[in-house]
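What follows draws every value from the coordinates through simple rules; no lab data is involved. Since the model is a prediction, treat every value here as computed from it, not as a measurement. FYI the Cβ positions are ideal-geometry reconstructions off the backbone, even for glycines, and counts take in every protein chain you see.
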């Protein structure tokens, strides 16, 4: 519990307990899920807010260009299942989706 943060007197709050998983998705090989840890807390009592910053790290095999995507936060089980089995197609844009649908034979 933090106290005495504001000029008008005592102000207190509890830091939230938030899980922050980070998914590292390489071009080749399997995905890695790492639980990030809180690294920095910024208190701004005059604005009535605080900011938490998490940190996660992954040892690179060769370079940072081996990683295709990094995703922070909880992902639904459906997303995890689609990643594992490749059952969901992802498009970079709505235009790419429309073009793919037009190319498909009816």
Practice problem: Would you mind checking the tilt of helix 94-103 against the longest principal axis of the Cα atoms of the chain, expressed as 0 to 90 degrees and rounded to 10? | Solution: 20 degrees
Quiz item: Normalised by the residues of the chain, what does the relative contact order come to in percent, with Cα pairs under 8 Å and at least six apart?
Solution: 21 percent
Quiz item: Which of the following values of Cα Rg over 2.2 N^0.38 Å was calculated from the structure shown: [x] 1.61; [y] 1.04; [z] 1.15?
Solution: [x]
Quiz item: What number, rounded to the nearest 500 deg cm²/dmol, is the helix-based mean residue ellipticity at 222 nm of the chain, given -39500 (n - 2.57) per DSSP H run of at least four residues and division by all its residues?
Solution: -5000 deg cm²/dmol
Quiz prompt | Pairwise FRET efficiency - residue 17 versus residue 59, Cβ, R0 = 41 Å, nearest 0.05 | solution = 0.90
